[in-house]
Structures are given as C-alpha cells and as structure tokens.
Amino acid sequence: MTSVLHRIALALAALLFLTAEAAAQAPGARPGGPGGPQRGARPEAASPDAPPAAARAAIPWVDVHTHLVGGGQRLGAQDYDAAAAAIIKAMDEANVRASFVMPTPQPAGGAGNYDQDAFLSAIKPYRGRLFAMGGGGSIGPMILAQPDAGEVDDARRERFVTMAKAILDAGAIGFGEMTVTHLSHLEQHSYHRARPDHPLFLLLADIAAQRDVPIDLHMDPVIEPGPAPAHMKSSRNPATLVPNLAQFEVLLAHNRAARIVWAHAGWDQTEHWTADLARRLLAAHANLYMSLKVQPRSPLRNQALGRDGQIAPEWKQLMVDFPDRFVMGTDRFYAGENAAGGTAAGAVFAERTPSLTVGARILLNQLPPDLARKVAISNVEKIYKVKID
Ligand SMILES: [Zn+2]
Ligand SMILES: [Zn+2]
C-alpha cells in the first residue's frame, strides 16, 4: 500500500514538473545549462521553488556545493549578506540542514576574481548551517595560469602552499571549486582547462590529506579528443576538447589520503560521464567521491534523473553498490534582490538553478531509506569532517 501511494506521489511530482518546466521554458533557452530554463522568472514566481508534495516530504539533507552571488554587472557593491539570507530562506523551505558555499571556479587573471574571504563575514551569522570552502578564486587560477606545467619552481610552490593553508586557517572546510576541465555554458561564463596531474594539484592533494579536508573538483570528463557536444554553444569552448581521464587517475592515485569529491555526477555535459565510467573509477579509487547534481527533465544523456522524473536505474544501482561515496551538491546559485536580473553569469544562474534543489529532493526520495540518509547527511559528515546538527 505504501509503495502504491509512493508511486502515485512520484507520478504526481513528475506531472507537476512537466507543467512547471513547460511554463518556465523561455524561448531559446538552452535546457542543458547549469540550471535549466528559468531566465526571467522572479524567484517567488518560479514554480520549481514550490516543490511538489513528494519533494516536500524529503528527509533533511546537506547541499555540499552552492554559490553565493555577491553582485552583478549592474551593481556597484557586493551583496553577500542578501545572498546569504536568500540561501537560508531556500534551505528552510527545502529541509536543507546545511549548505557548503564556495567561490565559483575563476580564470587566471580574471578582473573580478574573489575567494571565500569575500563572503566569510556574510555567512558568519549562520554558524552550523553555512560552511565555506575556498580556492576557486585564488589557488585555482594560479594552476590555470600554467595549465600544462610539468614542473613548478620553489617560489611558486611555496606561495601556493601558503595560500592553500591560509584558506583552511580562515575556516574553510575544504578546497573548492577547483577545475581541471570546465566547459563554458554562456558567453559570459569562462572555459578552463589544466592537466589534472598538474604539480600544484598533486601538491594540493598532499595538503588536503595532511589537513584532512576534501577537494571539490569540477572536471567535465573527456575520454578522447573531440568537439564539445552540440548543446554547448559558447564560443569560449575550444574546437577540440583535451582528454583528461588518465591524468585524473594519476591525481587520485597520488595520495590515497586525499579525498576528492568529483562535482556534478549525474549531470553529464560531455556525453562521456556514464554510470559505467563512474563505476570503473569508484572501484579503482577508494578516495574518490561524487556529488550529485540533478536537473529535472534534462534532455541530455547519462543524467541521474530521467525525463520521467525517475532515478536512472544504472545510477541507482551505482549508489546502492557504493553507498558511502555519494553526496548531494546542487550547484545552485543564490542572489539577493539587488543582483536579480543582472547579466553576469552568477545572476543568470541564480534565476536558472532553483529547480536543482527540487531535483535533489526527488532523487533522495527514490532511494532506499538507509541509503538516502547516508547520501543526505552521514556521508557528508565523514567526507567533510563536519558535524551536522
Ligand atoms: Zn562546477
Ligand atoms: Zn559550482
């Protein structure tokens, strides 16, 4: 009886999504973007912000991968206080106990680069609910500046170590968002690449192991050279993508005490991140973890949530087989009122991404209860070494 009711609730949830997504679909919107089609909708009018019943009933969980938008191109001042208030409000509505906020991955020499110190004071009032990770705007760009470096001189290494340790000393619970291959989704959104076995990545693994913190890593996987998939239309992406998996495995093997959380599992953008690939890597590397990013009704391949609103069987089986290796990380962007409507990538993503929270809850609801509790909270506590109240 319970299972019948459960199925009816899921079917209803899927139906509500259909309606919500259809209503929100803006003409010309590209559905495979970081959040899907939400451009132009006011947050309170965005249907995915009002989760269907099945999602509302989800268990408490932790979102390990979020971003605060501190400003937009129209803004003269940063507005992290408002973004922090916005994320707390959304967390309360979605039963999210804690969120880990991190600077977005930023390019070498970017004019507006920022790191965790930009938002630390804004999240301070929410101790126990908002935790910082850092590096995306400081040590990340330092690696991207010399993406194929085979070696790094002592002075540069020393500077890198000092900066990395300072991030943790300031209170960050790990490094993020780091990138090795990061495709551009918008013309105002950067493309990054560095070799995953870059000497500074290996060094970062050693620092992370020594300090017992994880590394959040964005790597759009590339198995063989080829063009970006057709839906990735940004002109910033190169004509041919550079393979990265063999070098990623070098990084994973370099220091087994370094926990690497590969961000955005189940949200394949290159058409290479299959459940089979994830299975092979999880089996080979005990220090590899994955945070799931779930886009409801994505038309793309290899997604953890199918277009019917059901978890893809191969991803569910993977989670059943590796129950300690998955967490939820929506990659949702949060902005205060003043940043809404801006044209900077962060402001655009803040409008597009509320549905990712809904997707996360729908996925959690479809897992066996023991597994759901692990993915929701207990895996997070083990990987990130934080206690969730
Ligand atoms: Zn990312
Ligand atoms: Zn991100």
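For the range 276-289, a residue qualifies if it is more than 16 Å from ligand 2 (Cβ to nearest atom), within 18 Å of the chain's Cα centre (by Cα) and either part of a strand (DSSP E or B) or surrounded by fewer than 21 Cβ atoms within 10 Å (Cβ to Cβ) (or both), and exactly one does: Leu288. Ala132 meets each of the listed conditions (1) crowded, with 17+ Cβ neighbours inside 10 Å; (2) over 19 Å from the mean Cα position of the chain (by Cα); (3) of a type outside the set (Lys, Arg) apart from (2). Of all residue pairs spaced 6 or more apart or on separate chains, those with beta-carbon atoms under 8 Å, a first member in the range 313-329 that is farther than 19 Å from Val62 by Cα and a second member that is of a type in the set (Lys, Arg) and more than 16 Å from ligand 2 (Cβ to nearest atom) are Leu318/Arg279; Asp321/Arg279.
Filtering the range 223-246 to residues that are within 16 Å of ligand 1 (Cβ to nearest atom), modelled with pLDDT of 95 or more and surrounded by fewer than 22 Cβ atoms within 10 Å (Cβ to Cβ) leaves nothing.
Residue check: is Ala350 in contact with a Lys or Arg (Cβ under 9 Å, 6 or more places away or on another chain), crowded, with 24+ Cβ neighbours inside 10 Å and not aromatic (Phe, Trp, Tyr)? Judged against the criteria, Ala350 is a match. Of all the listed residues (Glu177, Glu151), the sole one being on the phi < 0 side of the Ramachandran plot and either polar (S, T, N, Q) or more than 16 Å from ligand 2 (Cβ to nearest atom) (or both) is Glu151.
Okay, residues lined up against (1) assigned to a helix (DSSP H, G or I); (2) in contact (Cβ under 8 Å) with a residue 60 or more places away in the chain; (3) in contact with a helix residue (DSSP H, G or I) (Cβ under 6 Å, 6 or more places away or on another chain):
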{"site": "Glu351", "(1), (2), (3)": "yes, yes, no"}
{"site": "Ser355", "(1), (2), (3)": "yes, yes, yes"}
{"site": "Leu363", "(1), (2), (3)": "yes, yes, no"}
{"site": "Asp370", "(1), (2), (3)": "yes, no, no"}
{"site": "Arg373", "(1), (2), (3)": "yes, yes, no"}
{"site": "Ser378", "(1), (2), (3)": "yes, no, no"}
{"site": "Lys382", "(1), (2), (3)": "yes, no, no"}
{"site": "Ile388", "(1), (2), (3)": "no, yes, yes"}
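Go through (1) on the phi > 0 side of the Ramachandran plot; (2) surrounded by fewer than 22 Cβ atoms within 10 Å (Cβ to Cβ); (3) not charged (D, E, K, R) and name the single condition Gly306 misses. The single condition Gly306 does not satisfy is (1). Here Glu249 clears all of (1) free of Cβ contacts under 8 Å to residues at least 40 places away in the same chain; (2) in a strand (DSSP E or B) except the condition numbered (2). Restricting the range 81-109 to residues that are within 28 Å of Thr181 (Cα to Cα) and away from ligand 2 (no atom under 16 Å from the Cβ), the residue that is modelled with the highest pLDDT is Ala98.
For the range 142-170, the tally of residues that are surrounded by fewer than 21 Cβ atoms within 10 Å (Cβ to Cβ) and not in a loop (DSSP other than H, G, I, E, B) stands at 15. Pairing each residue of the range 188-208 that is over 12 Å from Met219 (Cα atoms) with any residue that is part of a helix (DSSP H, G or I) and among the polar types (S, T, N, Q), provided the two are 6+ apart or on different chains, yields C-beta distances under 7 Å for Asp197/Gln247.
In summary, Ile173 fulfils each of the numbered conditions (1) closer than 30 Å to Lys382 by Cβ; (2) part of a loop (DSSP other than H, G, I, E, B); (3) within 16 Å of ligand 1 (Cβ to nearest atom); (4) touching a residue at least 60 places away in the same chain (Cβ under 8 Å) with the single exception of condition (3). Take the residues in the range 96-110 that are assigned to a strand (DSSP E or B) and of a type outside the set (A, V, I, L, M, F, W, C); name whichever of them is nearest to Gln188 (Cα to Cα). Here the answer is Ser99.
Of the set (1) surrounded by fewer than 22 Cβ atoms within 10 Å (Cβ to Cβ); (2) charged (D, E, K, R); (3) more than 20 Å from Val250 (Cβ to Cβ), all apply to Asp206 but (3). For the range 258-272, the set of residues classified as closer than 14 Å to Phe248 by Cβ and either away from ligand 1 (no atom under 15 Å from the Cβ) or more than 15 Å from the chain's Cα centre (by Cα) (or both) consists of Ala258, Thr270, His272, listed by residue number.
The values are calculated or read from the model by the stated rules, or taken from the named source; none is laboratory data. Every value quoted in this text rests on a predicted model; they were computed, and no experiment measured them. Please note: Cβ atoms are built from the backbone with ideal geometry, for glycine as well, and neighbour counts cover all protein chains shown.
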